[in-house]
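Here is the structure we will look at, set down as structure tokens.
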Amino acid sequence: MNSKIQYYIDLIAVLTQKEMKVRYKSTFFGYLWSVAYPLAFALVFFIAFKVIMRIQIENYALFLIAGLFPWQWFVNSVNTSPTVFLGNVSIIKKIDFPRNSLLIATVLQDAIHFILSIPVIVLFLFLHDQSPSISWLYGIPILMGIQFLLIYSLSLMISSINLFFRDLERLTLLLTTFLFYFTPIIYPESMIPDGYKILFSITPLSPLMVSWRHLFLEGTLNPIFLIVSFGYSVLFFIIGSLIYRKLSWKFAEVL
Amino acid sequence: MNEPAILFDRVSKSYHLYHPMTGGIKSFLFHLPEAVKILKNSRYEVLKEVTFQVGKGESLGIIGRNGAGKSTLLGLIAGIIKPTQGKIAVQGRISSLLELGGGFHPELTGRENIVMNGVLLGLTKNEVFQKMDEIIEFSDLGDFIDQPIKIYSSGMLARLGFSVVANLDPEILLIDEILAVGDMEFQKKCLKKMMDFKKSGATMVFVSHSMENIKLLCDRVIWIDRHTIKIVGSPEEVIPHYV
Ligand SMILES: Nc1ncnc2c1ncn2[C@@H]1O[C@H](COP(=O)(O)OP(=O)(O)OP(=O)(O)O)[C@@H](O)[C@H]1O
Ligand SMILES: [Mg+2]
């Protein structure tokens, strides 16, 4: 039993290292890209909404960053998920090992980059004369756990189905873009007009992304948001696992 | 023969010939009735009711024409593909060398690939590190071991692949005719290693088009023809019919 756990740990560690090496092979800035990307977006949104459209939100730059960094983790993992199995053809076709470990490695890789980007948020807090809250110590692990489960489950669905319907790659890109604008990331949930509040409840990422921002900016966690986002994660986990179990034995044949 | 390491009980394997789904959701949905019909009817049976066993410590050779289903058979033993019908039971840790570069990632170096491959095959990282020197020495790749394997020649890939699987102390070794691309010296080295295996009591299944090697290594040979086993027997019995 113990050696079985050790095997899984090693398997995921080795695959995560591999992902890191492959993703940033021959790039000069390497993982700095994972910070540069959301920062660049923050700058663009700042210019568009604060400078040009004059949105009435204090410390809008900080506001943007607190939402864009966790989002970046989500969108990176989910958008690469359709190609995870496709990018590992030579090992899937030749070795019998738990295929979902490849996905765990991908999500873990992006999670590590997210953790490495938290100091940037701290820096921005200091620039605004604020400081991190002690509640981060339990808040970050809780939210990361929920988000990890959510991303892993969605990736499991998407990557498995994509081997049979390759359209999913485009579709995922489109849907995550929609989701981005329908989730309160560049605007606060309070700005959604009454008739459209339903949008907030049906986009699965809203409670999670709002929780991240509240945690980073105010140091608070809303238990209802936590429960709802955990519920979404579990729901997707069940769906994802069912799909994976139904399809995974065929992976080596269709690749 | 003692307790079997590999057991096939009326195993059949068929593939769909045509995958309408890879044409995308649209073409699948627009031609749904036809697509489903094609999907159901166009099965190509590669293996039909194949039954055999391999005892612990036995070396089995598999011969047959191109496309006969030899690689499919190895894939079934390795558990990478599942049979359409029938039962397969395998006992022991498998190490398999099914294709050039199989189990490797082209962007990683030889050394990194050794670790990944070893762990994927079921060892812990520590176990792989303990065998690292042995593997690298056997492969005789010199400084290339720290180069990404995408720049390797096919012979070099075969060297790396064989060195890994051969030095991981598998209980069952599956080899699919990759030795042919190695040079004379390396082929000799591999054959010697496989003889040692035999002596150490490991089970081996060996696909080859080289009758010489089959004679040298195998206790028994299966000739696959027309989706099923045509003859089983000692190399001396089977090979004259095949050739
Ligand atoms: N994933 C797949 N989908 C559909 N057909 C397949 C698939 N894999 C193999 N086949 C078919 O199964 C048959 C047997 O293939 P296999 O690779 O087992 O032959 P082989 O005996 O190893 O041949 P060779 O000597 O050329 O290596 C072939 O006709 C091949 O086209
Ligand atoms: Mg073959």
*What is the log10 of I(q)/I(0) for the stretch B:128-242, computed with the Debye formula using one identical point scatterer on each Cα and no solvent, at q = 0.09, 0.15 Å⁻¹?*
-0.28, -0.72
*With a/c under 1.5 counting as rounded, go ahead and sort chain A into rounded, prolate or oblate using the C-alpha gyration tensor (a ≥ b ≥ c being the square roots of the eigenvalues; past the cut-off, prolate if a/b is larger than b/c, else oblate).*
prolate
*Of A:Lys93/A:Lys246; A:Lys18/B:Lys189; A:Lys21/A:Lys246, which sit over 23 Å apart, Cα to Cα?*
A:Lys18/B:Lys189; A:Lys21/A:Lys246
*With θ set to phi - 60°, apply the Karplus curve 6.51 cos²θ - 1.76 cosθ + 1.60 along the stretch B:196-202 and write out the HN-Hα couplings as whole Hz, x wherever there is a Gly or Pro.*
4, 4, 4, 5, 6, x, 7
*Looking at the stretch A:147-171, which residues lose a minimum of 20 Å² of accessible area between their chain alone and all protein chains in place, measuring with a 1.4 Å probe and not counting ligands or nucleic acids?*
A:Phe164, A:Phe165, A:Arg166, A:Asp167
*Cα gyration tensor, chain B - rounded (a/c under 1.5), prolate or oblate*: oblate
_Cα gyration tensor, the stretch A:106-255 - rounded (a/c under 1.5), prolate or oblate_ = prolate
*asked:* Counting only helical runs of four or more DSSP H residues, what would the 222 nm mean residue ellipticity of the protein assembly as shown come to if each run contributes -39,500 (n - 2.57) and the total is spread over all its residues?
replied: -17500 deg cm²/dmol
*Helix A:33-45 versus the longest principal axis of chain A: what angle, 0 to 90°, nearest 10, using Cα atoms?*
40 degrees
*Residues of the protein assembly as shown: accessible area per residue at 1.4 Å, in Å²?*
48 Å²
*Estimated buried accessible area (total), pair A and B, 1.4 Å, Å² to nearest 100*: 2800 Å²
_So if I take the alpha carbon set of the stretch A:50-128, get Rg, then get Rh from the Kirkwood formula, what is the Rg over Rh ratio?_
1.20
*Taking all protein chains together and a probe of 1.4 Å, list A:Val254, A:Val44, B:Val181 from the most accessible to the least accessible.*
A:Val44, B:Val181, A:Val254
*Peptide-level mean, for B:86-99, of C-beta atoms on other protein chains within 10 Å*: 1
*Residue-averaged beta-carbon neighbours from other chains (10 angstrom radius) around B:104-115*: 3
*asked:* Using only the Cα atoms of the stretch A:181-227, what semi-axes does the equivalent ellipsoid have when each is the square root of 5 times a gyration tensor eigenvalue? Give whole Å, largest first.
replied: 18, 12, 9
*In the protein assembly as shown, carbon and sulfur make up what percent of the accessible area (probe 1.4 Å)?*
62 percent
*Which aspartates and glutamates have a Cα less than 13 Å from the Cα of B:Lys198, not counting those fewer than 8 places away in the same chain?*
B:Glu58, B:Asp169, B:Glu171, B:Asp219
*If you average 1/r over all unlike Cα pairs in the protein assembly as shown and invert the result, what Kirkwood radius do you get in angstrom?*
25.6 Å
*asked:* With θ taken as phi - 60° and the coefficients 6.51, -1.76 and 1.60, list the Karplus ³J(HN,Hα) couplings across the stretch B:85-100 in order, rounded to whole Hz; mark glycine and proline as x.
replied: 9, x, 10, 10, 10, 10, 10, x, 6, 9, 10, 10, 10, 9, 6, 4
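The values are calculated or read from the model by the stated rules, or taken from the named source; none is laboratory data. Computed from a predicted structure; not experimentally measured. Using ideal geometry, Cβ is built from the backbone for each residue, glycine included, and neighbour counts are taken over all protein chains shown. Protein only, heavy atoms only, side chains kept; ligands, DNA and RNA dropped before computing areas. Shrake-Rupley method; radii C 1.70, N 1.55, O 1.52, S 1.80 Å.
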